[in-house]
1. For region 207-221 and region 93-140, what is the separation of their Cα centres, given in Å?
2. Could you work out how far the C-alpha centroid of region 326-351 sits from that of region 1-78, in angstrom?
3. Counting other beta carbons within 10 Å of each Cβ, put SER27, SER240 in order, fewest first.
4. Rounded, prolate or oblate, given the Cα gyration tensor of region 270-357, with a/c below 1.5 counting as rounded?
5. Among LEU187, LEU313, LEU126, what is the fewest-to-most ranking by other Cβ atoms within 10 Å?
6. With a ≥ b ≥ c the root eigenvalues of the C-alpha gyration tensor of region 204-347, is it rounded (a/c under 1.5), prolate (a/b larger than b/c) or oblate?
7. Which FRET efficiency value, to the nearest 0.05, do you get for ALA242 and ALA304 by plugging their Cβ-Cβ distance into 1/(1 + (r/R0)^6) with R0 = 41 Å?
8. Gain in length, TYR323 to MET259, computed as 0.36 nm per residue apart minus the alpha-carbon separation, to one decimal in nm?
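Quick note: the coordinates plus some simple rules give every number you see, no bench work behind them. Model, not experiment: these values are computed from the prediction. Glycine gets a Cβ as well: all are built from the backbone with ideal geometry, and neighbour counts include every protein chain shown.
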Amino acid sequence: MENSKKYRRWLDDMQLGHPLTIAGPCSAETEEQVLETARGLTGGRVTVFRAGIWKPRTKPGNFEGIGKFALPWLQRVREETGLEPFIEVATPRHVDEALRHGIRMMWIGARTSANPFAVEEVAQALRGNKDVIVMVKNPVNPDLNLWIGAVERIARAGIENLGVIHRGFSVYEKTPFRNKPKWQIPLAFKATFPDIPMIIDPSHICGRRDCIFDIAQMALDLQYDGVMIESHRDPDKAWSDARQQVTPETLHDIIHRLMVRKPRAEENIHRQNLQALRRHIDILDEQILELLAKRMEVVREIGAIKRRQNISLLQPDRWQKVYERALDFARENGMNEEFIRTVYSAVHEESIWQQKNGQAPPKS
Ligand code: PEP
Ligand code: MN
């Protein structure tokens, strides 16, 4: 994808608004639910109406979507409300049905984008449809190249109206998120392809309603191009993802409260860059803390072994080596040696504590 510049055009040409604001139910359930939700979403910044009609479910036996029978409902949404329908496609059959019913916007879901065979089949089914807009969700697993590969397959089939959706990543450890954001991955994607529009899907990152606003704001501060938020006329009764959907009313309130930085005003550009850099610092700090916590976990394991074998906790030779390596790194990377000395003394002190006690020290 040498010339990623051309991939931005659709966002400006289609006049879908900035930031691009997509909302709608996780799944289309009934014609009434689809139309009532769509009507509720008009009158604000929403220009695109999402609704899953083929639902990839983790386990069999759950609601797997209405299928092609919901496509005429979406045509009615466009006729009645002017909102542009947006659906997930995962197989060539989905693409054919969607095209036959005049669908112009499709996304590739996180489970599909993790599978190159499936993406390739979808890409081939899309070939020749230059007007279609395709957005590729990040794969479920945190693999930047797999995401890039999926986008490249769609691009090689001649699709120029391309975008990506950050919906977070599955991780084994327990986190407050349904799918951990791992911001460094979408940021790396943006750095590689700055002209491919990126939007945030805070609904699937959070898995619950109360963090949608914060994640969406964070993304706008990082200069994302839009948001996609799940909205249902009666969220608690939704047939899928009930906990993370919001009413159209709440949706309007969230969108209204989001601070949008105007990209064109000169003076704003500096402020916007500063904000983006600060967000980047927050992400790096979080990584530093996560690594420190992991280091302490390993340290406690070493402590347990030493205690069992009755070895002294303090091993000055070993520590000297760790210390010298850190100082070399500091010198090579233009950091003050005194600073690294201070940081490492603190890390050492804490490590000894944790080895001895197998836990964190009491608050002083
Ligand atoms: C969805 O958007 O409803 C969906 C199934 O998302 P994901 O592919 O991100 O899990
Ligand atoms: Mn969903």
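1. Rounded to whole Å, the Cα centres lie 26 Å apart.
2. What the calculation gives is 51 Å, centre to centre.
3. On the way: SER27 25, SER240 19.
In increasing order of surrounding Cβ atoms, one gets SER240, SER27.
4. Working: a/c = 3.81, a/b = 1.82, b/c = 2.09.
Note, shape of region 270-357 comes out oblate.
5. Values: LEU187 18, LEU313 13, LEU126 24.
Ranking LEU187, LEU313, LEU126 by Cβ neighbours within 10 Å, fewest first, gives LEU313, LEU187, LEU126.
6. Since a/c reaches 1.5 but b/c is at least a/b, the shape of region 204-347 is classed as oblate.
7. On the way: r = 43 Å, r/R0 = 1.06.
The value I calculate is 0.40.
8. On the way: separation 64, 0.36 × 64 = 23.04 nm, distance 4.48 nm.
18.6 nm is the gain from fully extending TYR323 to MET259.
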